[in-house]
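The next block holds one structure in the form of structure tokens; read it before the comments.
Derivation of every value follows stated rules applied to the coordinates shown; laboratory data play no part. Note that the coordinates shown come from a computational prediction; the quantities given were computed from them, not determined experimentally. A quick note on method: Cβ atoms are made from the backbone with ideal geometry, for glycine too, and the neighbour counts reach across all protein chains shown.
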Amino acid sequence: MGICISRIQSQNLFLDIFKCFTSISDDLYEMSDEQLEVTLHNYLKGKRYLVVMDDVWKTQVWEDVRSAFPNDLNGSRILITSREKEVASHASLTPPYFVPFLDNDASWELLCKKVFRGEKCPSNLETVGRKLAESCKGLPLSIVVLGGILTKKEKWPATWSKFIGNVNWYLTEDKERCLDILALSYSQLSRQLKLCFLYLGVFPEDYEIPTLELTKLWIAEGLIQQSGIGKMDVNAVAEYYLEDLIDRSLIQVASKKSDGTVKTCRIHDLLRDLCVSQSYQDKFFQVHLEGILSSSTKPRRLSVHCNPSNYAVASNACDTSSVRSLMFFCQGNNFEKKHWQWIWEGFKFIRVLTLLDIDNISSIPNKIEKLIYLKYLKIGNDKRTEGLRSIDTIPDSICKLRYLETIDLGIQVKDHSWPRGMWRMKQARYMQAYGPMKLPDLQPQSCGNDNILCNLQVISDINVDRKTALIISKSKFPNLKELSLCYSAYEEHMDGLEITEVLVSLENLCYLQKLEINGFPKCQPHFKYLASTLTKVSFYGSYVDSFLVRILGKLPNLLFLKIERAQNVPKLSFVAGEFPQLQVFKMINYGVEIWEVERNAMPNLQHLVIIRDFTMKALPDELWCLESLQDVKVQAVSHCLWEFLLGLKCIMSVRIFEGPTGKLKELTMKNGAKLLMQHEHDEWYMK
């Protein structure tokens, strides 16, 4: 029995359930909700039943009807489907099952069932039919609607071929069956969530969106409001909104980090079409794919998805005075001086400027100061592009932008320096450039707060020199949450004591949560503490020995630790009581020979990753006593460690399967943890 209960009252729901079980009498229509509930409960008492509640939108619906279903422990079941994770989680203690998108074969099978009604598909239609099924990208609704359209067409390859590349257009034309159904999910959102969801439409089709980039844009656009959430940090509010949209099945998770958080996401083409069409009506944003900008509307946000040179030619035909956000997805094209000129002449009032997917950019011109309202500047991708041309310098004029909060440059800067006027950027919250960057010298102080960036929360790839410790220790970044430090002896040679002073100075950063250390040599013994607020620490090409591990182990809030390309260390010991909150530990090309873990060390470890370690011979037995441990991933390790893992006595089961990076051997341990092992060469699996 299946009933759609998205928008009906309890009385009608009870009556519909009765109709599915038996004929109903007229007196049932006269009963109140409470009487119907009791009558239905008495009718089902002692019977074995299966009830399917399809497309439930609110948790209250289940609360209204749950008492009507007796639990006689006789195998009766209630199945609830919903687009909302909250509804499914509320109805049962059993974790909800998330229905995956259909693969290509299942998509083709569903399309055949819809078009041919059980008959076999003609062989001359299968090739083009499979292409059409694949273009629906696994969404059953798209496949069913497409099947309904194809049913009315001639069943000839030439006819079906006309749909290739245009499937979404045909689907969105059938609004009653497609877009209107998807719009139901949109209509359930709060105003803030609606805006955040619509914003996903500015990205091109099939674009894999970095979630960090998305949340930063939401904040820069003013879409994140703290009302109703208390005094939560705006970044936390943005992450909450992202998780909410994922739980509502409006955003797909594309990839995750090792700690389980979402790294990248995407949106299905049909939902993106909904975003674009709704935003066009609301003048929220417009997407342009051709070289002519429309002059009929005045969008607040403009997203350009092609070669920007075409727009520079046609810019005078469009009234751009209303545009506050300008986004270029340049698809590998160059961005030159004439394009910059077009921006500061035609978009004087923009607050957000993003230039993505650029092969080359000639410079950042001094005249960028003309964009006086700019709050957010993003150039280049987070994925570093090989061969990306460097710019000579970041112009000092950028520091005159009094509202600028974010500078995110995925491009090389030849002089490796932040501009001299950086200390004037009092509103700056996020500063990042590709490659180590030097901090400018402090200005002569006329008053105590002249050189303090109180709003700065993130600064990356700081090139460590002799003034770094002084700047940090004098609390020039008092509210910093994320910091990346890079040391190179080729740039400026510093002895171990001077390097240690840099780490000692971090004690002054009272809010520091994430720290990245690159190229640090061995620390001196007088170094004893790191900021207790740290939750994530990563080391790259640095000396990490037992002495430094002792310090890390004392951090009360550390959740994530990564050590990559470290100098070889003969022995590593984790003592009882250390790493009390650690959940993720990664060792990549570390070179540890012996790793010892005492009982009650890292009691909350969930994920362990060991890659390219050719010296370690065994893993500590205490690992398999951790109830919190969920998975251990091992790849390209020594033969001794490989044989040790295969010989573990606590293995419950073994299976081999294809993973995203090749064949994997999965061992299930007695504590429930999964041990995922991948040999360096796939040929090993053929033996």
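Multiply the residue gap between Phe547 and Ser638 by 0.36 nm, knock off their C-alpha separation, and tell me the result in nm, one decimal place. The partial results should precede the final answer.
Working: separation 91, 0.36 × 91 = 32.76 nm, distance 2.54 nm.
Gain on extension, Phe547 to Ser638, equals 30.2 nm.
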- Could you give the angle, 0 to 90 degrees to the nearest 10, between helix 140-151's Cα long axis and the longest principal axis of the Cα atoms of the chain? 50 degrees
- Among (i) 328; (ii) 161; (iii) 222, the entry derived from the coordinates for volume of the Cα convex hull per residue in Å³: (iii)
- Query: Counting each DSSP H run of 4 or more residues in the chain as -39500 (n - 2.57), what helix-only mean residue ellipticity at 222 nm follows after dividing by all residues, to the nearest 500 deg cm²/dmol?
  - Reply: -8000 deg cm²/dmol
- Query: What is the extension gain from Lys153 to Lys367, computed as 0.36 nm multiplied by their sequence separation minus the C-alpha to C-alpha distance, in nm to one decimal?
  - Reply: 71.3 nm
- Suppose R0 equals 41 Å; then what is the FRET efficiency for Asp27 and Glu119 from their Cβ-Cβ distance, rounded to the nearest 0.05? 0.30
- Angle, helix 123-135 long axis vs. longest principal axis of the chain, Cα atoms, 0 to 90°, nearest 10? 50 degrees
- Sorted by chain and number, the residues with a modelled amide H under 5 Å from that of Gln286, at a separation of 5 or more or across chains, are Arg301, Leu302, Ser303
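Applying a 10 Å radius around every beta-carbon, put 421-427, 515-521 in order of their mean neighbour count, most first.
Result, highest mean first: 515-521, 421-427.
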- Query: So what's the gap between the Cα centers of region 635-654 and region 530-593, to the nearest angstrom?
  - Reply: 23 Å
- Simple label model, 7 Å out from Cα along Cβ direction - Asp282 to Lys663, nm: 5.1 nm
- Message: About the Cα centre, and with charges only on the beta carbon of Lys, Arg (+1) and Asp, Glu (-1), how big is the dipole of region 1-113? Nearest 20 debye, please.
- Response: 320 debye
- Task: When a/c is below 1.5 the answer is rounded, else prolate if a/b is larger than b/c, else oblate, so apply that to region 104-177 with a ≥ b ≥ c taken from the square roots of the Cα gyration tensor eigenvalues.
- Result: rounded
- Query: Taking the mean number of other Cβ atoms within 10 Å as a proxy for protection, how do you rank 665-675, 582-592 from highest to lowest?
  - Reply: 582-592, 665-675
- Query: Taking the DSSP beta bridges in the chain as the whole, what percent of them are antiparallel, to the nearest 5?
  - Reply: 20 percent
- Mind listing the long-range amide H neighbours of Lys438? Cut-off is under 5 Å, sequence gap 5 or more, other chains count too, H placed in the peptide plane at 1.01 Å from N. Ser417, Trp418, Asn463
- Rounded to 10°, Cα long-axis angle of helix 269-282 versus longest principal axis of the chain: 80 degrees
